[in-house]
Amino acid sequence: MKKPVRVAVTGAAGQIGYALLFRIASGEMLGKDQPVILQLLDLPQAQKAVQGVMMELQDCAFPLLDSMIATDNPEVAFKDADIAILVGARPRGPGMERADLLQANAQIFTVQGAALNKVASRDVKVLVVGNPANTNAYIAMKSAPDLPAKNFTAMLRLDHNRAASQLAEKTGKAVRDIEKLCVWGNHSPTMYADYRFATIGGESVKDLINDQDWNANVFLPTVGKRGAAIIEARGLSSAASAANAAIDHIRDWVLGTNGKWVTMGVPSDGSYGIPAETIFGFPVTCENGEYKIVQGLEIDAFSQERIDKTLAELQAEKDGVKDLL
Ligand code: NAX
């Protein structure tokens, strides 16, 4: 048996946590031969609910689940963590302005970043799911100066998967055959899902669709507002699809993509004119536990405008929390 991997998950008592933990423990994230130790973090008032989730995990008798702990202390949850999935965040309450939300989350992610810095594995792979995901990942990264910045990522994979399914539906082709799709920018309605380079079964998606009006006025708004559409239909925000995207993100980062593109929110290295350190959705490929931003893509005027818009939003979010860093 391989050495167990320590996976810390925050917000473990929440609805994404409930859709995520069982799949991690069953081996869907790191492989069917990889034992895991779950280190679960949630607020003090959620500890009883976490115990309930742990009872259910126990009752699954997962062969790959070595052990698990629950805590309300980030330094316990992140101790020696190899992977940290930061789901728990402060939701927007009644009368709360966007600026208040940013501040409340900034406080959570400075504490969690500092705890990761202190106790996690030096190779920890961090995925921030809790919103505003890109800015929360940036705050955690800046609060962990002893860890490599490249270890901090934000989840754009749900947007990527949503875009892929819309394209499959539009073209009548199988979603599994889509390649070279990417989503640029912030995990928010400003993100830019870009299918200019995408192929389905080797055919150009752009040529198959050949309708820029559909791109601008149907596809992008549908993908951008999909979260709101799910809330409207279900009365609750996306949970199973968000957990699935988190599994996809970590699995591909750890096990590789065999040259295929996926979207990850990663600290910019200046690629495509995105200021260094901005956590931005980019097309990446993964190999040997490392991601690489796909280089050399042509950015046309329409795409540049979209990229500028989502970048401006991220910069405004960053400005909103700069006093805390
Ligand atoms: P829930 O409200 O069901 O669960 C959140 C859990 O986090 C709760 O158990 C809460 O007690 C816990 N929590 C809050 N503050 C914490 C802290 N400081 N430390 C540890 N735990 C803490 O929300 P859920 O539906 O699970 O969503 C979680 C987050 O994911 C939200 O911020 C949501 O906006 C975000 N999402 C991000 C997505 C993405 O694509 N990046 C998509 C789905 C989702 O909307």
* Structure fact -> For segment 175-258 the translational diffusion coefficient, Stokes-Einstein from a Kirkwood Rh over Cα pairs at 4 °C and viscosity 1.567 mPa s, in µm²/s, is roughly 89 µm²/s
* To do: Provide, in order from the shortest bin, the percent of all Cα-Cα pairs of segment 156-320 in each 10 Å bin, continuing until the bin that contains the maximum pair distance.
  => 10, 40, 39, 11, 0
* How do 3-9, 179-185 rank on mean C-beta neighbours within 10 Å, highest first? -> 179-185, 3-9
* Which percent of the accessible area of segment 224-325 is formed by carbon and sulfur heavy atoms (probe 1.4 angstrom)? -> 50 percent
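Taking the highest mean first, how do the peptides 276-284, 30-38, 73-81 order by number of other beta carbon atoms within 10 angstrom per residue?
Values: 276-284: 23.0, 30-38: 16.9, 73-81: 19.2.
Result, highest mean first: 276-284, 73-81, 30-38.
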* Asked: All other residues with a Cβ under 13 Å from the Cβ of Ala81 taken together, and with Lys, Arg as +1 and Asp, Glu as -1, what is their net charge?
  -> +1
* Structure fact -> Sorting Trp261, Trp253 on solvent-accessible surface, 1.4 Å probe, most exposed first, gives Trp261, Trp253
* Asked: How far is helix 98-119 tilted, in degrees, relative to the longest principal axis of the Cα atoms in the chain, given as a value from 0 to 90 rounded to the nearest 10?
  -> 60 degrees
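Could you give the dipole magnitude of segment 156-320 about its Cα centre, charging the beta-carbon of Lys and Arg +1 and that of Asp and Glu -1, in debye to the nearest 20?
Values: 17 positive and 23 negative charges, 104 e Å.
Computed about the Cα centre, the dipole is about 500 debye.
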* To do: May I ask for the angle, rounded to the nearest 10°, between helix 301-321 and the longest principal axis of the chain, with both axes built from Cα atoms and the value confined to 0 to 90°?
  => 30 degrees
* **Top positive-direction residue, dipole computed over the chain with Cβ charges, set Trp214, Val111, Leu20** => Leu20
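Computed FRET efficiency, Cβ-Cβ of Ala149 and Asp177, R0 30 Å: what is it to the nearest 0.05?
On the way: r = 35 Å, r/R0 = 1.16.
My answer for the efficiency is 0.30.
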* Asked: What residues have an amide H closer than 5 Å to that of Val129, excluding those fewer than 5 places away on the same chain, when H is modeled at 1.01 Å from N in the peptide plane?
  -> Leu86, Val87
* Asked: If one takes the longest principal axis of the Cα atoms in the chain, at what angle in degrees, from 0 to 90 and to the nearest 10, does the Cα axis of helix 240-255 lie?
  -> 90 degrees
* Extreme residue, positive dipole direction of the chain, given options Leu41, Asn136, Ala164 (C-beta unit charges) -> Leu41
* Based on the Kirkwood radius over alpha-carbon pairs, what is the Stokes-Einstein translational diffusion coefficient of the chain at 20 °C with 1.002 mPa s viscosity, in µm²/s? -> 107 µm²/s
* Asked: For all pairs of alpha-carbon atoms in segment 5-154, what percent lies in each bin of width 5 Å, listed from the first bin to the last filled one?
  -> 2, 11, 20, 22, 20, 14, 7, 3, 1, 0
* Total formal charge among the other residues, if their Cβ is under 13 angstrom from that of Leu220, Lys/Arg +1 and Asp/Glu -1 -> +2
* To do: Mind putting a number on the dipole of the chain about its Cα centre? Charges go on the C-beta only, +1 for Lys and Arg and -1 for Asp and Glu, and I need it in Debye to the nearest 20.
  => 420 debye
* Asked: Got a number for carbon plus sulfur as a percent of segment 83-139's accessible area, 1.4 Å probe?
  -> 53 percent
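What accessible area per residue, rounded to a whole number of Å², is obtained for the chain using a probe radius of 1.4 Å?
44 Å²
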* Structure fact -> In deg cm²/dmol, rounded to the nearest 500, the helical mean residue ellipticity at 222 nm of the chain, built from -39500 (n - 2.57) for every DSSP H run of length 4 or more, is -12500 deg cm²/dmol
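The values are calculated or read from the model by the stated rules, or taken from the named source; none is laboratory data. Only a predicted model underlies this, so the values are computations on that prediction, with no experimental measurement involved. FYI the Cβ positions are ideal-geometry reconstructions off the backbone, even for glycines, and counts take in every protein chain you see. Heavy atoms of the whole protein, side chains included, go into the accessibility calculation; ligands, DNA and RNA do not. Shrake-Rupley method; radii C 1.70, N 1.55, O 1.52, S 1.80 Å.
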